[in-house]
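Novice: Below is the structure I would like to discuss, written out as structure tokens.
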Amino acid sequence: MKISMIAAHDLNRGIGKDNEMPWHLPADFRYLKKVTTGHPLIMGRSTFASIGKPLPERRNIVITSRTDYFPDGVEVVHSLDEAIERCTGVSEVFIFGGSSVYEQAMQRADKLYITEVKERFDVDRYFPAYTDEDWQLVWEEAGRVDERNRYAHTFKQYERK
């Protein structure tokens, strides 16, 4: 099974503040849907709370330490290992955040799907560092700036060397 991480981050690898993304990019939401539909998504409880509902056409697995947390439409687990074990037999699983789940998964990840937003924002959460030493850029495409997507952005895919 391939373990992939998918995230949008700014030029400082910032991913959010106060459990919200500091930008609005509908093109990134479309990209997320295109790439992850049909695959399990693993995320932390705060990330799930920020989106408010399970993402359709995907298995939503939520990691939490809480034993009293049972939202509809998701599988609740208590560790990254347990989440990955639940995905045995699938070709690819996506780590979907937040920052602590990304940190835990980084050493196990095979592929990164990154939307790089070409700005710097006031954030309090970050995507883990990744370098050319460990990761090879295998694909990139510039996103279109328009009235709905106001920030320059690039979609990138990296594979572990």
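Novice: Test each condition in (1) assigned to a loop (DSSP other than H, G, I, E, B); (2) surrounded by 17 or more Cβ atoms within 10 Å (Cβ to Cβ) for Ile6 and report the one that comes out false.
Specialist: Failed condition: (1).
Novice: Residues that are of a type in the set (Phe, Trp, Tyr), more than 24 Å from Thr37 (Cβ to Cβ) and touching a Gly at 6+ places or on another chain (Cβ under 8 Å): does region 102-121 have at least one?
Specialist: Just the residues of region 102-121 that are of a type in the set (Phe, Trp, Tyr), to begin with: 102, 113, 121.
After this cut, where a residue has to be more than 24 Å from Thr37 (Cβ to Cβ) as well, the list is 121.
Now narrow it down to the ones that are touching a Gly at 6+ places or on another chain (Cβ under 8 Å): 121.
Within region 102-121, one or more residues are of a type in the set (Phe, Trp, Tyr), more than 24 Å from Thr37 (Cβ to Cβ) and touching a Gly at 6+ places or on another chain (Cβ under 8 Å).
Novice: Another one. Mind checking which pairs have a first residue in region 47-60 that is of a type in the set (Phe, Trp, Tyr) and in a loop (DSSP other than H, G, I, E, B) and a second that is at pLDDT below 95 and buried (at least 17 other Cβ atoms within 10 Å of the Cβ), Cβ under 7 Å, 6 or more apart or different chains?
Specialist: Hits for this filter: zero, empty list.
Novice: Considering only region 2-29, state which residues are of a type in the set (Asp, Glu) and in contact with a His (Cβ under 8 Å, 6 or more places away or on another chain).
Specialist: Matches in region 2-29: Asp28 only.
Novice: Conditions: (1) touching a residue at least 24 places away in the same chain (Cβ under 8 Å); (2) hydroxyl-bearing (Ser, Thr, Tyr); (3) more than 18 Å from His39 (Cα to Cα); (4) touching a helix residue (DSSP H, G or I) at 6+ places or on another chain (Cβ under 9 Å). Ser79 meets all but one. Number of the miss?
Specialist: (1)
Novice: Just a yes or no: is a residue in region 64-86 surrounded by fewer than 18 Cβ atoms within 10 Å (Cβ to Cβ), among the hydrophobic types (A, V, I, L, M, F, W, C) and closer than 23 Å to Glu159 by Cβ?
Specialist: No, there is no match, as no residue in region 64-86 is surrounded by fewer than 18 Cβ atoms within 10 Å (Cβ to Cβ), among the hydrophobic types (A, V, I, L, M, F, W, C) and closer than 23 Å to Glu159 by Cβ.
Novice: Okay, moving on. Among the numbered conditions (1) under 25 Å from Ser46 (Cβ atoms); (2) without any contact (Cβ under 8 Å) to a residue 40 or more places away in the chain, tell me where Glu147 comes up short.
Specialist: It is condition (1) that Glu147 fails.
Novice: Out of all the residues in region 35-74, which are touching a His at 6+ places or on another chain (Cβ under 7 Å) and within 17 Å of Val90 (Cα to Cα)?
Specialist: Answer for region 35-74, where residues must be touching a His at 6+ places or on another chain (Cβ under 7 Å) and within 17 Å of Val90 (Cα to Cα): just Arg58.
Novice: Would you check if there is a residue in region 20-38 being surrounded by 14 or more Cβ atoms within 10 Å (Cβ to Cβ), more than 28 Å from Arg120 (Cα to Cα) and over 12 Å from the mean Cα position of the chain (by Cα)?
Specialist: The answer is no; no qualifying residue exists.
The values are calculated or read from the model by the stated rules, or taken from the named source; none is laboratory data. These numbers were taken from a predicted model, which means no experiment stands behind them. Neighbour counts run over all protein chains shown; Cβ positions are idealised from the backbone, glycine included.
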